[in-house]
Amino acid sequence: MAIKRKEKKSGGLKSLRSSGGSSVETSPLRPQFITKRPPCGDNCPNHNQIRKMLMTVQKGVEYGKTLDQTFEEAFYIFLETTPFPSVCGRVCPHPCETECNRKEKEGPVGINKMERYIGDYGLEKGLRPKKLTEETRPERIAVVGSGPGGLSAAYHLARRGYPVTVFEAFPKTGGMLRYGIPDYRLPQSILDAEVQRIADMGVEIKVNTSVGTTSPTKT
């Protein structure tokens with residue numbers, strides 16, 4: 001069947017006319033590939049690299065990695081943004097799952113459960129955070145309060161080579177993670193292990209110390 005092209009003057013559209021008399025208008029525009037953030041990661045308050053972690057686990061065997069290699073790699077993906085994967089895997093309200101693309105199909109991916117599993121794997125294997133530099137900065141940083149915000153700040157500063165001291169008024173670290181969440185939801189042993197991992201990076205933690213009023217007591 002012969003096809004004749006006839007270009008219209010308005011709108012940049014082209015008309016394809018067949019010998020039968022029918023015609024269809026087509027646009028000269030072509031689709032562009034634009035990389036966008038996945039909605040799960042964009043809705044995570046901590047901006048964890050959720051898609052990267054899930055793809056690492058899914059493709060591990062396909063890329064010739066052992067399960068241990070796969071889970072270790074996934075663990076370090078979490079540690080790029082959070083020092084508390086085991087804690088968050090137990091208590092986070094997982095807003096990432098609310099925005100998961102799969103929720104309208106078979107249901108959202110169990111991201112929260114994956115984070116808990118990967119976090120517990122890291123604790124079981126004794127995996128340690130990797131510093132971004134071996135340089136020790138001359139500036140000393142004081143962090144007041146050892147709640148999740150204070151400890152996260154200390155963690156990221158320590159990764160960048162800053163000497164950090166955390167001051168805590170209570171006898172134990174953790175803030176509302178310890179004093180606001182019941183043990184059956186967040187076992188203190190899990191919290192203690194992830195806090196200790198931060199301390200092992202060289203972060204000094206002083207408890208029973210209200211800044212400006214008491215003498216510091218080192219843990």
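Quick note: the coordinates plus some simple rules give every number you see, no bench work behind them. All values reported here derive from a predicted model rather than from experimental measurement. Please note: Cβ atoms are built from the backbone with ideal geometry, for glycine as well, and neighbour counts cover all protein chains shown.
Against the chain, whose longest principal axis is taken from its Cα atoms, helix 188-199 shows a tilt of about 90°. Quick one: go through the range 77-104 and flag any residue whose amide nitrogen is under 15 Å from the point 7 Å out along the Cα-to-Cβ line of residue 46. Taking a point 7 Å out along Cα→Cβ of residue 46, the residues of the range 77-104 whose backbone N falls under 15 Å are 77-97.
For the chain, a Gaussian network of Cα nodes joined below 10 Å ranks 78, 33, 167 by mean-square fluctuation, and the top entry is 33. Note on residue 98/residue 142: beta-carbon distance plugged into 1/(1 + (r/R0)^6) with R0 of 35 Å gives a FRET efficiency of 0.40.
Note: relative contact order over the range 39-125, using C-alpha pairs below 8 Å and six or more positions apart, is 34 percent.
In this simple spin-label model, placing a label point 7 Å from the Cα along the Cα-to-Cβ direction at both residue 124 and residue 35 gives a separation of 3.4 nm.
Between residue 58 and residue 185, the contour length at 0.36 nm per residue exceeds the alpha carbon distance by 42.9 nm.
Once the Cα-Cα distance is subtracted from the 0.36 nm per residue extended length, the residue 106 to residue 210 segment shows a gain of 32.4 nm.
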